[in-house]
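J.: Submitted below is the structure of interest, expressed as structure tokens.
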Amino acid sequence: MSGNKSNDAFDLLNSEFANADLEKENARNLENLRRKQAIKQQAKAEEEPITGEEEEDEGGSSCFGIAFRILIILLLAGALAWIVFMPAGSLNELMEKVSPRIETSFSWFAGLFGGQSGNSGPDNSSDVPASSDPGVTSSETVDSENVSSETATSETTLPASSDEGTNPTKTDSSDVQDTQESNSPYSITVYRPSQIVIVYDYSGNPAKIFSCSSGKASTPTKLGDYSIRAKYRWRFMVGNCYTQYASSFSSGYLFHSIPYNRKNAGTMANSSYDKLGNPASSGCIRLCFRDSKWIYDNCPIGTPVHVVDENAPAGSVPEIIPERIKDSAHNGWDPTDDSPDSPYNQ
């Protein structure tokens, strides 16, 4: 019996030592796991930037700033190249078109901040000062008539052998209006449905009958009673084209020749000449060279102009418009042009 009791005590002691060793081992393992976890968290924190959003924003702003500077440099380089290599006279023409718009914009802002009321935006009724155009035959007061830009005048630049399309947007809003009574021996009536212009003398008899191209159905020549108020030997139009012998009878509306691609009588828009007798413009009255020059030379400022939605009187036969010769030698010339340089006169 005594031998068994001593063995049991020995086994119990060994068991307690074993349990103590196991607890120490578990404690060491737990501490090791904690250290490894802490090391991993520290390494992960070092790899990830603390201010990620700020760095991203800074990088985006930097890229935008570089792109903006590059764009500015390209624009300046393009402007410099255009000034150096542009055709002669282009800068003057550009300034002629832009300066009035800048002036009217400044005037509008000055009125806005100066407390003036009634202005809803810049007044574009004086896009091109009459004094800046050669050939103006009057220097009276500027007309302030309001005309919608949708019915304003303009000519589109196209090669001389193609149609210039439609009359350009308004360039004639700065016409000079004569304030004196007219001493003209004539009056002019435009018969829209017939596409005929009749010039009447004092007795009411037709002095001249012209075939014309008035405004298309979408941009008709406006009806009403007007008078010739300014003239232009050459008229620069929006779209970088020109017309000859232009006589303005209302803001944005003129009698004028077929448009030209340049200020050169040999650059006429051929197909526009072929459309005479049919509506083709955005409101102006197009005539051949011969007929626009006749009005320019014989109908002074103040000559009454009537645009009616009526057919011309029975028996009204316009003067014949010569058919255009369609070869390279005559390309771009109005057959009625009396210039000695015209191939039709050689």
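J.: Taking the condition of being in a loop (DSSP other than H, G, I, E, B) and over 22 Å from the mean Cα position of the chain (by Cα), how many residues in the stretch 245-257 meet it? Quick ask: steps written out before the conclusion?
T.: First, the residues of the stretch 245-257 that are in a loop (DSSP other than H, G, I, E, B): 251-252, 257.
Cutting the leftovers down to over 22 Å from the mean Cα position of the chain (by Cα) gives us 257.
Going through the stretch 245-257 one residue at a time, the tally reaches 1.
J.: Going through the stretch 270-287 one residue at a time, which ones are of a type outside the set (Gly, Ala, Ser) and either out of contact with any strand residue (DSSP E or B) (no Cβ under 8 Å at 6 or more places or on another chain) or open to solvent by 10 Å² or more (accessible area, probe 1.4 Å) (or both)?
T.: Within the stretch 270-287, 270, 273, 274, 275, 276, 278, 279 meet the criteria.
J.: Identify, from the list 267, 303, 243, 221, the residue that is over 30 Å from residue 330 (Cβ atoms) and touching a strand residue (DSSP E or B) at 6+ places or on another chain (Cβ under 7 Å).
T.: 303
For every residue, the table says whether it meets (1) touching a helix residue (DSSP H, G or I) at 6+ places or on another chain (Cβ under 9 Å); (2) under 23 Å from residue 332 (Cα atoms); (3) open to solvent by less than 20 Å² (accessible area, probe 1.4 Å).
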| residue | (1), (2), (3) |
| --- | --- |
| 185 | yes, no, no |
| 199 | yes, no, yes |
| 228 | yes, no, yes |
| 255 | yes, yes, yes |
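One line per residue, one yes/no per condition, for (1) assigned to a strand (DSSP E or B); (2) among the hydroxyl-bearing types (Ser, Thr, Tyr); (3) open to solvent by less than 30 Å² (accessible area, probe 1.4 Å); (4) under 21 Å from residue 264 (Cα atoms):
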site: 290; (1), (2), (3), (4): no, no, no, yes
site: 294; (1), (2), (3), (4): no, no, no, yes
site: 312; (1), (2), (3), (4): no, no, yes, no
site: 318; (1), (2), (3), (4): no, no, no, no
site: 326; (1), (2), (3), (4): no, no, no, yes
site: 329; (1), (2), (3), (4): no, no, no, yes
site: 332; (1), (2), (3), (4): no, no, yes, yes
site: 335; (1), (2), (3), (4): no, no, yes, yes
site: 339; (1), (2), (3), (4): no, yes, yes, yes
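J.: Could we say that residue 208 is touching a helix residue (DSSP H, G or I) at 6+ places or on another chain (Cβ under 7 Å), in a strand (DSSP E or B) and open to solvent by 30 Å² or more (accessible area, probe 1.4 Å) here? It would help to see each step written out before you state the result.
T.: Details: touching a helix residue (DSSP H, G or I) at 6+ places or on another chain (Cβ under 7 Å): yes; in a strand (DSSP E or B): yes; open to solvent by 30 Å² or more (accessible area, probe 1.4 Å): yes.
Against the criterion (touching a helix residue (DSSP H, G or I) at 6+ places or on another chain (Cβ under 7 Å), in a strand (DSSP E or B) and open to solvent by 30 Å² or more (accessible area, probe 1.4 Å)), residue 208 qualifies.
J.: Here are some residues: 242, 273. Which one is assigned to a helix (DSSP H, G or I) and of a type in the set (Ser, Thr, Tyr)?
T.: Values: 242 fails: assigned to a helix (DSSP H, G or I).
Exactly one of 242, 273 is assigned to a helix (DSSP H, G or I) and of a type in the set (Ser, Thr, Tyr), namely 273.
J.: Condition first: among the small types (Gly, Ala, Ser) and open to solvent by 10 Å² or more (accessible area, probe 1.4 Å). Now tell me which residues in the stretch 230-253 satisfy that.
T.: Residues of the stretch 230-253 among the small types (Gly, Ala, Ser): 230, 239, 246-248, 250-252.
Selection gives 239 alone.
J.: What are the residue pairs meeting all of these: first residue in the stretch 217-228, first residue basic (Lys, Arg), second residue surrounded by 13 or more Cβ atoms within 10 Å (Cβ to Cβ), Cβ atoms under 9 Å, and 6 or more apart or on different chains?
T.: Within 9 Å, the pairs are 222/147; 222/151; 222/215; 222/250; 222/252; 222/253; 222/283; 222/307.
The values are calculated or read from the model by the stated rules, or taken from the named source; none is laboratory data. Everything quoted here is computed from the prediction, not taken from an experiment. So basically every Cβ, Gly included, is an ideal-geometry build from the backbone, and we count neighbours across all protein chains shown. Just the protein is used for accessible areas: all its heavy atoms, side chains included, with ligands, DNA and RNA removed. Shrake-Rupley method; radii C 1.70, N 1.55, O 1.52, S 1.80 Å.
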